[in-house]
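Only one structure is covered here, and it is reproduced in the block below.
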Number of protein chains: 2
Amino acid sequence: MDERILATADRLFSRQGIRAVGVDTIAAEAGISKRTLYNHYPAKEALVVAHLRRRYGALTHADDRLVDAPPAAQILGAFERLERAIADPAFRGCPFVNAVAELGVPGPGADHQTNALAIAFKEERRQWFRRRLERIGVADPDGLATQLALLVDGCVAVGLVRRDPAMARAAGAAARTLLIAAGVAVAPAGSCRSPRR
Amino acid sequence: MDERILATADRLFSRQGIRAVGVDTIAAEAGISKRTLYNHYPAKEALVVAHLRRRYGALTHADDRLVDAPPAAQILGAFERLERAIADPAFRGCPFVNAVAELGVPGPGADHQTNALAIAFKEERRQWFRRRLERIGVADPDGLATQLALLVDGCVAVGLVRRDPAMARAAGAAARTLLIAAGVAVAPAGSCRSPRR
DNA sequence: ATGAAACTACACCGACCTGTGTAATGGCTG
DNA sequence: CAGCCATTACACAGGTCGGTGTAGTTTCAT
């Protein structure tokens, strides 16, 4: 039940924005009464936090399937997955950036949770890159991880306004260039998408 | 008068989000009556569009002061300016990305203007890079311009949630690496900030 | 001084917002 | 069957929203 509520909130918050969606709409779309919704979540804010936590979990481990591939391939694979994500019509940018932008500067003593969640998510992904770069053995894994994470965030941001797979491909190409410049041996471009032909 | 209204709207929309700010608040903060506000702008949506147009003009030509410097220095200078922008406490990310995220998917026959403005802005900045890369004579100015623009957008996005100058420096370092990989001769890191010492 | 234009204060509208209170209904387990 | 818990429908409170109508006041050029 909580799951159905959260899935509905996810969809509506992503599509229309957080403030644009009322609790009545969420309850109606979830097929439950408003009273039931408030029996599961004490306030709309709790629903927002739960929505962000859900995204956190889903997005954090989205690129862990290729865990057996070599680290460089995992990194480039993440950018290929990004290209597919942007092509999805349901793609609505980064929910954490959106939430921070929409909820505005935290007022007195409130809203710190959203920003903390956003920071944690960005750092989590940066570390995802860093771990793999360390396994490769590049000179500055931390700095390069930051650069790769910036490319992802840039691709996500611009992908929201201009849904163009060329943006994701450019991000992947830039990542490839940065890896090569760091001395990493990477497979030639496009080798993953059409392995041998 | 229009200018004062717009400046107020700019500040409030940026700090608190578009939907979070009511017209009463804008009028009060601008020191005018709500009626006067509606005599200058027919609806809140017009105010939002004007706000985005204003940002468009301000941000598009923000990096045109170094127009006499060599193109590569202009490009790297843009990333240094980005570092200062992020450090500004009033920095609130990309207003176009924020607006698109907050206003949600355009309903039937409405809101296309915001998205079009956002696309135009992103493209404008990409072309800004491209013109300079063409003057340098790199092999693929268009592709490299896209990559540099992605770095800027990534830095802006992550700079909103984690106000850290290290992010901007990483973006600048990545830009430098990409330029070098494209065969551009760039000054050593930090040469602009402390010219000769 | 006169008249037009701009501005102000203020009430008001209907719609929507988050959140609660309540009484009735359903299903499930003992 | 009895008791319990979740859920429902529905009304309601208190507030904010975008937007309008109106009557009176300021400003300013002629």
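The values are calculated or read from the model by the stated rules, or taken from the named source; none is laboratory data. Model, not experiment: these values are computed from the prediction. Counting neighbours? That spans all protein chains shown, and the Cβs are built from the backbone with ideal geometry, glycine included.
Per-structure values
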{"item": "Filter result for B:LEU12 (modelled with pLDDT of 95 or more, within 13 Å of DNA strand D (Cβ to nearest atom), within 14 Å of chain A (Cβ to nearest Cβ) and in a helix (DSSP H, G or I))", "result": "yes"}
{"item": "Count of residues meeting criterion [hydroxyl-bearing (Ser, Thr, Tyr) and more than 16 Å from DNA strand D (Cβ to nearest atom)] in segment B:38-86", "result": "2"}
{"item": "Qualifying residue in segment B:14-25 (condition: charged (D, E, K, R), closer than 20 Å to A:VAL105 by Cβ, more than 16 Å from DNA strand C (Cβ to nearest atom) and in contact (Cβ under 8 Å) with a residue 60 or more places away in the chain)", "result": "yes"}
{"item": "Some residue of segment B:32-55 being within 14 Å of another protein chain (Cβ to nearest Cβ) and under 30 Å from B:LEU144 (Cβ atoms)", "result": "yes"}
{"item": "Qualifying residue in segment A:72-87 (condition: among the hydrophobic types (A, V, I, L, M, F, W, C), within 14 Å of chain B (Cβ to nearest Cβ), out of contact with any Pro (no Cβ under 7 Å at 6 or more places or on another chain) and within 30 Å of B:GLY17 (Cα to Cα))", "result": "yes"}
{"item": "Lone unmet requirement of (1) touching a residue at least 24 places away in the same chain (Cβ under 8 Å); (2) among the aliphatic types (A, V, I, L, M); (3) within 16 Å of DNA strand C (Cβ to nearest atom) for A:ALA43", "result": "(1)"}
{"item": "Selection within segment A:107-119 - within 12 Å of chain B (Cβ to nearest Cβ) and assigned to a loop (DSSP other than H, G, I, E, B)", "result": "A:GLY107, A:ASP111"}
{"item": "Answer residue from segment B:90-106, given it is assigned to a loop (DSSP other than H, G, I, E, B) and within 9 Å of chain A (Cβ to nearest Cβ) and is surrounded by the fewest Cβ atoms within 10 Å (Cβ to Cβ) among those", "result": "B:VAL105"}
